[in-house]
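The values are calculated or read from the model by the stated rules, or taken from the named source; none is laboratory data. As the structure is a prediction and not an experimental result, all values here were calculated from the model. FYI the Cβ positions are ideal-geometry reconstructions off the backbone, even for glycines, and counts take in every protein chain you see.
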Amino acid sequence: MTHKGMMVTVLRNSMGNFTNGGVTSQATSFLLVGEGVPEVFEESPRVPTLVLVRRWAGTPNEYLHAEPLVQPEGGIGPMAGGNFVYSTDSRFRDLCPYPISVHDRFETVAQYASYD
């Protein structure tokens, strides 16, 4: 299945990489796909794909974040790693008026347990 979406650019945390090797630490541009995302560009093997996730997190407003389409198995995640995606394309602002957090941090069970 070929996905279609819009191109977005990574905004990285200036304090360092907290993604634990997540996709936003490895690439600068992504194809964002999902409900409500303008279908402008087709998926390409050269550009990783992120999926827009919509949810309600106990607030009156919908919370949006993006997750990698391809995720590792057997870990805990995805969770926010500190990076965001954004586009200057006006269609992005119609989708979301602010940069979208990318949940591309995955941890092993041992890593996650060590934080107790």
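Report, by residue number, each residue of the stretch 1-24 that is in contact with a Phe, Trp or Tyr (Cβ under 9 Å, 6 or more places away or on another chain), of a type in the set (S, T, N, Q) and surrounded by fewer than 18 Cβ atoms within 10 Å (Cβ to Cβ). Result: Thr9, Asn13, Asn20. Taking every residue in the stretch 1-30 that is among the basic types (Lys, Arg) and pairing it with any residue that is in a loop (DSSP other than H, G, I, E, B), at least 6 positions away or on another chain, the pairs with Cβ-Cβ distances below 9 Å are Lys4/Val37; Lys4/Pro38; Lys4/Glu39; Lys4/Val40; Lys4/Glu43; Arg12/Thr28; Arg12/Gly82; Arg12/Asn83.
One residue stands out in the stretch 18-56 among those that are at pLDDT 90 or above and of a type in the set (D, E, K, R): the one that is nearest to Val109 (Cα to Cα), namely Arg54.
Within the stretch 61-69, at least one residue is over 16 Å from Met6 (Cβ atoms), touching a residue at least 24 places away in the same chain (Cβ under 8 Å) and in contact with a helix residue (DSSP H, G or I) (Cβ under 7 Å, 6 or more places away or on another chain).
Screening Thr59, Thr108 for residues that are at pLDDT below 95, loosely packed, with under 13 Cβ neighbours inside 10 Å and either polar (S, T, N, Q) or closer than 21 Å to Met15 by Cα (or both) leaves exactly one candidate, Thr59.
In the stretch 31-56, the residue that is surrounded by the most Cβ atoms within 10 Å (Cβ to Cβ) out of those that are acidic (Asp, Glu) and in contact (Cβ under 8 Å) with a residue 40 or more places away in the chain is Glu43.
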